[in-house]
Amino acid sequence: MSLRPLQARALRILGSDWLTPDQPLAPRTSFRIGGPALLFASPPDVDALRRALAFCADEGIPWFVMGRGTNLLVSDAGYTGMVIHMGKAWAWLRISGSAVNVGAGYPLPALARKAADAGLSGLEFAAGIPGSTGGAIAMNAGAFGGSMAQVVREVDCILPSREARTLTAAEMAFAYRHSRALAEPMILTGARLLLTPDNPDEIRRRMADFQAQRKARQPLSAWSAGSVFRNPPGDAAGRLIEAAGCKGLRQGGALVSPKHANFIVNAGGATAADVLALMREVQRRVEEAFGVRLEPEIKLLGEFDAPTPAAPAP
Ligand SMILES: Cc1cc2nc3c(=O)[nH]c(=O)nc-3n(C[C@H](O)[C@H](O)[C@H](O)COP(=O)(O)OP(=O)(O)OC[C@H]3O[C@@H](n4cnc5c(N)ncnc54)[C@H](O)[C@@H]3O)c2cc1C
């Protein structure tokens with residue numbers, strides 16, 4: 001493999017312990033789609049994180065924070081910047097009474113299970129959301145009437161200036177599938193949550209009920225990124241997509257799930273271009289039928305040939 005000068009400089013300055021050039025991103029996403037990252041960093045601590053940000057600033061290259069890649073469509077051409085992956089090094093958990101101190105890399109389903117074991121309610125909704133805790137907070141992930149905003153008290157983050165900050169829930173400006181972490185570049189490193197004591201068996205029963213509902217309605221065994229579009233006010237994107245006759249619509253290897261119309265699945269060999277073309281066709285049909293413009297919930301990373309769909313409004 002021949003390295004570009006920028007990659008060689010990155011390895012010289014940051015080392016190769018936690019930095020990889022030309023890292024394929026497809027295996028790191030739940031869609032299993034996308035090209036490589038020019039630089040892929042898994043910084044083990046805050047100091048490494050700061051050094052990675054400093055390198056990007058000095059070189060004038062973009063960076064993107066990635067958790068478990070379960071809400072991402074990565075371009076077929078990949079990403080010509082640095083992906084900063086918040087993985088295992090950031091997967092700590094401490095539970096004390098009703099207070100939970102958790103790292104951004106901790107898997108959300110595991111957090112929900114640990115909370116249940118500790119007799120703490122509030123994360124039942126999260127058991128089937130396959131992201132990282134940091135990604136879930138950034139996205140204000142939610143389901144079944146629950147959301148991260150209801151349990152987060154404070155988050156720790158690193159700003160592009162490399163300053164470490166602690167932000168309150170109010171300062172995070174949580175909204176439907178949105179937070180300040182999506183509006184401003186910042187890297188969430190950890191958070192404090194406040195949960196409610198309850199009977200562990202009752203908590204597990206509610207979690208199992210939510211999981212059963214998911215299994216019945218969603219194509220969980222297929223490669224996807226969950227719901228593709230945000231629900232428009234007062235309606236469900238899935239209902240509109242189904243009513244517009246899009247269930248089963250296919251573009252290359254991408255398919256509008258026959259089980260849940262707001263899921264696009266990679267039915268085998270799908271490219272990012274296939275998914276994006278299918279998203280546009282769904283948007284077109286729904287707008288034509290109902291006059292509603294669906295906005296993507298999934299995040300697009302990298303360059304796409306044609307203009308990408310409009311970013312969701314905060
Ligand atoms: C089968 C399936 C079911 C799903 N069900 C649901 C559901 O019920 N409800 C729901 O809300 N979502 C759902 N999702 C979507 C997804 O799991 C959530 O949005 C999740 O919170 C994303 O976390 P992640 O770590 O995978 O983030 P990624 O996909 O890696 O990133 C998503 C966004 O968060 C940002 N981000 C990630 N980590 C950080 C960090 N540490 N600091 C700052 N920004 C960060 C990224 O930059 C990006 O903008 C589902 C997905 C799948 C595949």
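Structure notes:
- A straight Cα-to-Cα reach below 16 Å connects K259 with the lysines K215, K247, residues fewer than 8 places away in its own chain not being considered.
- Applying a length cut-off of 24 Å (Cα extent along the axis) and a mean Kyte-Doolittle floor of 0.0 to the DSSP H helices of the chain leaves 272-290.
- Here the Debye sum runs over all C-alpha atoms of the chain as equal scatterers in vacuum, and log10 of I(q)/I(0) at q = 0.09, 0.14 Å⁻¹ comes out as -0.46, -1.12.
- Alpha-carbon Debye profile of region 77-148, log10 I(q)/I(0) at 0.13, 0.17 Å⁻¹: -0.39, -0.62
- Packing around the peptides 275-284, 10-19, taken as the average count of other Cβ atoms within 10 Å per residue, puts them in this order, highest first: 275-284, 10-19.
- Local electrostatic count, E154, Cβ distance below 15 Å [Lys/Arg +1, Asp/Glu -1]: +3
Each reported figure results from applying straightforward, stated rules to the coordinates on display, with no laboratory input. Predicted model only: the values in this text are computed from it and were never measured. Note that we place each Cβ from the backbone using ideal geometry, even for glycine, and neighbour counts take in every protein chain shown.
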